[in-house]
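The values are calculated or read from the model by the stated rules, or taken from the named source; none is laboratory data. Owing to the predicted nature of the structure, the values given are computational and were not obtained by experimental measurement. Reconstructed Cβ throughout: ideal geometry from the backbone, glycine too, with neighbour counts over all protein chains shown.
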Amino acid sequence: MAQMLTNHLDPPMTCSSPALLKTFAVEKMQPEWHDWKWQFRNRITNLETLKEYICVTGEEEKAFQAAGKNLPFAITPYYIDLINPQDPNDPIRKTVIPRMAEFTTTAAEMVDPCGEDGKMVAPGLVHRYPDRVLFLVNETCSVYCRYCTRSRLVGSGKHEVDFSAAYEYLRNHSEIRDVLISGGDPLVMSDEKLEGIIKNLRAIPSIEIVRIGTKIPVVLPQRITDDLVNMLKKYHPFYMSIHFLHPDEITPEVEAACNKLADAGIPTFSQTVLLKGVNDDAPLMKTLMQKLLKIRVRPYYIYQCDPVQGTSHFRTSIDKGLEIMEHLRGHTTGYAIPTYVVDAPGGGGKIPVTPDYVVSREPGKTTLRNYKGEVYHYLEE
Ligand SMILES: *Cc1c(COP(=O)(O)O)cnc(C)c1O
């Protein structure tokens, strides 16, 4: 791993013979490796298979046993291949392999921290802001993030939801000009099914822009096929928000996927959740943002980790988030600077949290500091 964070020491691993671990060295030479359906079908979804590829710690093993069948757990071969199988502190590993800490709930934690259920105006449709909606179209992902803000929903649903009430609501609310399709992960759907949804939205004249929120380009980049982008680009203006966590995720495959989207005229933006022991490090976060610009993804949001049940081991302080933002502004390209937000617990929406560059204000005079801490005065004369 490029940058190791060692602030959390895990229990020793129970892997008796690391030399016997399987790798995907052979599969990676085969054409199937590049086929997203093969990747999806061959996801690692249980402890037994996981142990063939990764030295599992005793504590991780206990988490599987404690959860039983309720645990939404899946990792694509492509994504597990990014993990160092013998490093319990591998940052990517921490985000996808369950831990006993998931069974600890603190007083501040909630099942639905962003209060989405209370703003659900039709099945799947969350209307919080004046002019835009979140449209949750499925409950399946290719990889399950252990800190998921929608853990109350994901992994459960195979049932088909009828969205006719959502379309009806959008037709009756012409103030809504922006639909953000999310889930689950909308890109696990077939091109045909996804196109059906986008077509229905595009038939509503008041909808100006459509976007998708997804982690697929990072965990299953093979999904970004020519057929997919050729379909999506028929529905411009079409945008994509992509969930990135760590610079190690930016592989040649991910670069190819993001370039394909950009070449199709689909602007892409990043969303990153601030996670303890994964990316709560200012230089690492700067590296990630700069690498995103190199693959034409514009950094958009860094999220404070939502207080969702069983995620206290991932949360870090708001001071840490502010330190990261301080380390970006002025020190690197303005395009590389996302907005750091807290999605207000209880349902207040995204609230920006920014280092304070205003030192003092009085009538006609504002005192400011720059990124180096030097003080300047702006006089309103
Ligand atoms: C994040 C979110 C949006 C989109 O917010 P933007 O700041 O416009 O990207 C819309 N609706 C809900 C409920 C959201 O959580």
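Residue by residue, here is whether (1) within 19 Å of Val96 (Cα to Cα); (2) in contact with a Leu (Cβ under 9 Å, 6 or more places away or on another chain); (3) outside the structural domain of Gly213 (by TED's automatic domain parsing) holds:
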position: Ile266; (1), (2), (3): no, yes, no
position: Thr287; (1), (2), (3): no, no, no
position: Leu292; (1), (2), (3): no, no, no
position: Tyr301; (1), (2), (3): no, no, no
position: Cys305; (1), (2), (3): yes, yes, no
Task: Candidates Ile242, Ile207 - the one that is in a loop (DSSP other than H, G, I, E, B) and either within 16 Å of the ligand (Cβ to nearest atom) or not assigned by TED's automatic domain parsing to the domain that holds Tyr340 (or both) - done: Ile207
Task: Positions within the stretch 55-89 being assigned to a loop (DSSP other than H, G, I, E, B) and closer than 16 Å to Val143 by Cα, in sequence order - done: Leu71, Pro72, Phe73, Ala74, Thr76, Asp81, Leu82, Ile83
Open item on the list: Under 7 Å between Cβ atoms, which residue pairs at least 6 apart in sequence (or on different chains) link something in the stretch 337-353 that is of a type in the set (S, T, N, Q) with a partner that is within 11 Å of the ligand (Cβ to nearest atom)?
Closed with: Thr339/Tyr301; Thr339/Pro352
Task: Breaking point among (1) free of Cβ contacts under 8 Å to residues at least 60 places away in the same chain; (2) within 16 Å of the ligand (Cβ to nearest atom), for Ala264 - done: (2)
Open item on the list: For the condition within 28 Å of Pro77 (Cβ to Cβ) and of a type in the set (D, E, K, R), what is the one hit in Asp319, Asp248, Asp306?
Closed with: Asp248
- [ ] Mind listing whichever residues of the stretch 148-181 are in a loop (DSSP other than H, G, I, E, B) and within 16 Å of the ligand (Cβ to nearest atom)?
- [x] Cys148, Thr149, Arg150, Ser151, Arg152, Leu153, Val154, His173, Glu175, Ile176, Arg177
Task: Qualifying position, being in a helix (DSSP H, G or I), within 22 Å of Tyr301 (Cβ to Cβ) and more than 16 Å from the ligand (Cβ to nearest atom), among Leu194, Leu187 - done: Leu187
Task: Residue that is nearest to Pro352 (Cα to Cα) [pool: residues in the stretch 278-299 that are surrounded by 17 or more Cβ atoms within 10 Å (Cβ to Cβ) and out of contact with any helix residue (DSSP H, G or I) (no Cβ under 7 Å at 6 or more places or on another chain)] - done: Asp281
TODO: Among the numbered conditions (1) crowded, with 20+ Cβ neighbours inside 10 Å; (2) under 17 Å from the mean Cα position of the chain (by Cα), tell me where Gln222 comes up short.
DONE: (2)
TODO: Could you check Leu201 against (1) away from the ligand (no atom under 15 Å from the Cβ); (2) in contact with a strand residue (DSSP E or B) (Cβ under 9 Å, 6 or more places away or on another chain) and say which number it fails?
DONE: (1)
TODO: Considering each residue of the stretch 147-186, count those that are farther than 21 Å from Asn200 by Cβ and basic (Lys, Arg), and give that number.
DONE: 3
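Filtering the stretch 353-374 down to residues that are more than 16 Å from the ligand (Cβ to nearest atom), on the phi < 0 side of the Ramachandran plot and not in a strand (DSSP E or B), which residue is surrounded by the fewest Cβ atoms within 10 Å (Cβ to Cβ)?
Out of the qualifying residues, it is Pro363.
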Task: The one condition in (1) in contact with a helix residue (DSSP H, G or I) (Cβ under 8 Å, 6 or more places away or on another chain); (2) within 13 Å of the ligand (Cβ to nearest atom) that Asp343 fails to fulfil - done: (1)
Task: Subset tally (residues that are assigned to a helix (DSSP H, G or I), under 25 Å from Ile97 (Cβ atoms) and touching a residue at least 12 places away in the same chain (Cβ under 8 Å)) for the stretch 245-261 - done: 6
